[in-house]
Amino acid sequence: MAQQHKISIAFPSSLQYLDALQGVAENLATVAGFGDEGRLDVGLAVREGAINAMKHGNRLDPEISVQLRFALSDKEIRITITDQGEGFVPEETPDPTTSENLWRSSGRGLLLIRSLVDEVSFKRKKTGMELTLAKKLAGSEVDEEAS
């Protein structure tokens with residue numbers, strides 16, 4: 001089994017930390033072996049996930065943290081973003097591509113996240129919502145029939 005590195009950090013639920021958070025994600029993606037495009041994909045996906053956690057989960061309360069856990073391996077980077085809010089039902093999020101939602105000023109975060117990474121999953125926790133993102137390194141795709 002390949003060695004895996006794990007890093008955990010917490011940020012207050014304040015949008016002023018988004019640039020720093022995105023920078024951490026991009027730097028860790030570089031350490032994991034991603035090139036420029038993959039690094040930017042990871043950074044933007046983490047930024048969007050953190051915005052959702054801060055705004056919709058923690059209601060921008062700077063006294064409440066957003067937890068981020070990064071797991072780096074030779075095959076992928078996996079990021080878990082956890083808020084302490086009430087959570088939501090991802091399937092009930094309005095589709096931003098339908099005509100009635102095209103001109104809304106928000107609501108495209110999940111669509112963007114899904115386009116940037118290979119895996120997206122949600123899990124309601126006792127307190128909060130957990131979003132897990134994974135992006136595979138090029139050439140590390142696992143043959144599902146072999147597993």
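Computed from the coordinates by the stated procedures, all read-outs in this text should not be read as laboratory data. Model, not experiment: these values are computed from the prediction. In this analysis, Cβ positions are derived from the backbone assuming ideal geometry, glycine residues included, and neighbour counts consider all displayed protein chains.
Most tightly packed first, judged by the mean number of other beta-carbon atoms within 10 Å of their residues, the peptides 43-51, 129-137, 61-69 read 43-51, 129-137, 61-69. Partners of Lys135 within straight-line reach, counting lysines whose Cα lies under 16 Å from its Cα and excluding those fewer than 8 residues away in the same chain: Lys6, Lys75. Here's how it looks for Val66: its modeled amide H is under 5 Å from those of Phe11, Ser13, which are all 5 or more places away or on a different chain.
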